[in-house]
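Note sheet for the following structure.
The values are calculated or read from the model by the stated rules, or taken from the named source; none is laboratory data. A quick note: this is a predicted structure, and the numbers were derived from the prediction, not measured. Note: ideal-geometry Cβ built from the backbone for every residue, glycine included; neighbour counts use all protein chains shown. Side chains included, ligands, DNA and RNA excluded: accessible areas come from the protein's heavy atoms. Shrake-Rupley method; radii C 1.70, N 1.55, O 1.52, S 1.80 Å.
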Amino acid sequence: METPGLVVQGEAASFSTALRSLLNNPQYSDVCFVVGQERQEVFAHRCLLACRCNFFRGLLGPKLGPGMPSPVVLSTVPAEAFLAVLEFLYTNSVRLHRHSVLEVLTAAVEYGLEELRALCLEFVVKVMDVEMVCEALQVAVTFGLGALQERCVAFIEAHSREALRTRGFLELSAPALLPLLRSDRLCVDEAELVLAARSWARVGAAVLERPVAEVAAPVVRELRLALLAPAELSALEEQNQREPLIPVEQIVEAWKCHALRRGDATRGAPCRRRRGTLPREHHGFLDLPLK
């Protein structure tokens, strides 16, 4: 009886280098993509993509007839991110960059590339900083990446004031902003958080062409107005008359806490301090816990 053959491994580096030379190389390619808003042409090899990724197998289908088929348009993925995906498919390795890793991660999720997704997540955690954390949070919420969402929220909790001043914060969706406003561990005072929420709502109102109050409605209930001193609450009420942001009944509830000189235990969070809440005289009679 013939003995089973032995599988031996050749030099992986040279194999990877050879395949990398085929990246975006018109020679021998049989499919062309037009990617990104710049409509950049990217050349690839159908059989390699199909055997490595179910998304491309379904997208490209069987080859019909001789010659190069019509270009495949993928307008939503930036060219740099798409080339990174192809690099991974060709070589099982990828060079990631801080400025584009979230776009590569998005593509990996959309194309069902679990290994590439894991590599991107690991890289994001390593390079995360104040400037990118809100963008990463948005990606995490959009695609249901729970572990990444937790890391982003924890980072923002530790660097709250800096993160709230970034462009990424202003561009968060309401579902991405909610876990932040619900957090007890934000290192920021409520007065500053109210200002940040107003700035966020103004940007959203301009983009969506909707009233500020309508944009803010899904999240504004998470603001803890009872933490504000009476003078601050009066100033907020006056500004709210000029530019509606907060429902009137929510402000009335805050005034009720002051009038009764106690917090409403049934309301929970509206009368609970955050980690960054500055002390005010009335906090004593509200008997506010800090978690």
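Only one residue in 110, 114, 135 is within 9 Å of the chain's Cα centre (by Cα) and open to solvent by 40 Å² or more (accessible area, probe 1.4 Å), so which one is that? Talk me through it step by step, then tell me what you get.
Numbers: 110 fails: within 9 Å of the chain's Cα centre (by Cα); 114 fails: within 9 Å of the chain's Cα centre (by Cα).
Result: 135 is the single residue among 110, 114, 135 that is within 9 Å of the chain's Cα centre (by Cα) and open to solvent by 40 Å² or more (accessible area, probe 1.4 Å).
Any idea which residue in segment 188-223 is nearest to residue 151 (Cα to Cα), counting only those that are open to solvent by 50 Å² or more (accessible area, probe 1.4 Å) and in a loop (DSSP other than H, G, I, E, B)?
218
So which residues in segment 138-160 are touching a Gly at 6+ places or on another chain (Cβ under 8 Å) and either open to solvent by 10 Å² or more (accessible area, probe 1.4 Å) or at pLDDT below 95 (or both)?
Filtering segment 138-160 down to residues touching a Gly at 6+ places or on another chain (Cβ under 8 Å) leaves 138, 140, 160.
If the condition is that a residue be touching a Gly at 6+ places or on another chain (Cβ under 8 Å) and either open to solvent by 10 Å² or more (accessible area, probe 1.4 Å) or at pLDDT below 95 (or both), then 138 is the only one that fits.
Could we say that residue 95 is surrounded by fewer than 20 Cβ atoms within 10 Å (Cβ to Cβ), under 23 Å from residue 145 (Cβ atoms) and either free of Cβ contacts under 8 Å to residues at least 60 places away in the same chain or among the aromatic types (Phe, Trp, Tyr) (or both) here?
Values: surrounded by fewer than 20 Cβ atoms within 10 Å (Cβ to Cβ): yes; under 23 Å from residue 145 (Cβ atoms): yes; either free of Cβ contacts under 8 Å to residues at least 60 places away in the same chain or among the aromatic types (Phe, Trp, Tyr) (or both): yes.
Against the criterion (surrounded by fewer than 20 Cβ atoms within 10 Å (Cβ to Cβ), under 23 Å from residue 145 (Cβ atoms) and either free of Cβ contacts under 8 Å to residues at least 60 places away in the same chain or among the aromatic types (Phe, Trp, Tyr) (or both)), residue 95 qualifies.
Pick from segment 177-187 the residues that are within 14 Å of residue 155 (Cα to Cα) and either open to solvent by 20 Å² or more (accessible area, probe 1.4 Å) or among the charged types (D, E, K, R) (or both): which of them is nearest to the chain's Cα centre (by Cα)?
The extreme case among them is 179.
Does residue 106 meet the test of being in contact (Cβ under 8 Å) with a residue 12 or more places away in the chain and either out of contact with any helix residue (DSSP H, G or I) (no Cβ under 8 Å at 6 or more places or on another chain) or under 29 Å from residue 123 (Cα atoms) (or both)? Even if it seems obvious, please write down each step before you answer.
On the way: in contact (Cβ under 8 Å) with a residue 12 or more places away in the chain: yes; either out of contact with any helix residue (DSSP H, G or I) (no Cβ under 8 Å at 6 or more places or on another chain) or under 29 Å from residue 123 (Cα atoms) (or both): yes.
Yes; evaluated as a whole, the condition is true for this residue.
Which pairs turn up if I take residues in segment 14-36 that are on the phi > 0 side of the Ramachandran plot and look for partners that are surrounded by fewer than 14 Cβ atoms within 10 Å (Cβ to Cβ) and not aliphatic (A, V, I, L, M) with beta carbon separation below 6 Å, at least 6 apart in sequence or on another chain?
If the second residue must be surrounded by fewer than 14 Cβ atoms within 10 Å (Cβ to Cβ) and not aliphatic (A, V, I, L, M), no pairs are left.
Give 153, 141 a once-over and let me know the one that is out of contact with any strand residue (DSSP E or B) (no Cβ under 8 Å at 6 or more places or on another chain), over 15 Å from residue 274 (Cα atoms) and in a helix (DSSP H, G or I).
Only one candidate passes the filter, namely 141.
Which condition does residue 80 not pass, out of (1) free of Cβ contacts under 8 Å to residues at least 60 places away in the same chain; (2) farther than 27 Å from residue 127 by Cα; (3) open to solvent by 50 Å² or more (accessible area, probe 1.4 Å), if it passes all the others?
(2)
Just one of 15, 82 is closer than 21 Å to residue 116 by Cβ, aromatic (Phe, Trp, Tyr) and at pLDDT 95 or above; which is it? Give the steps one after another, and end with the answer.
Values: 15 fails: at pLDDT 95 or above.
Every option except 82 fails the conditions.
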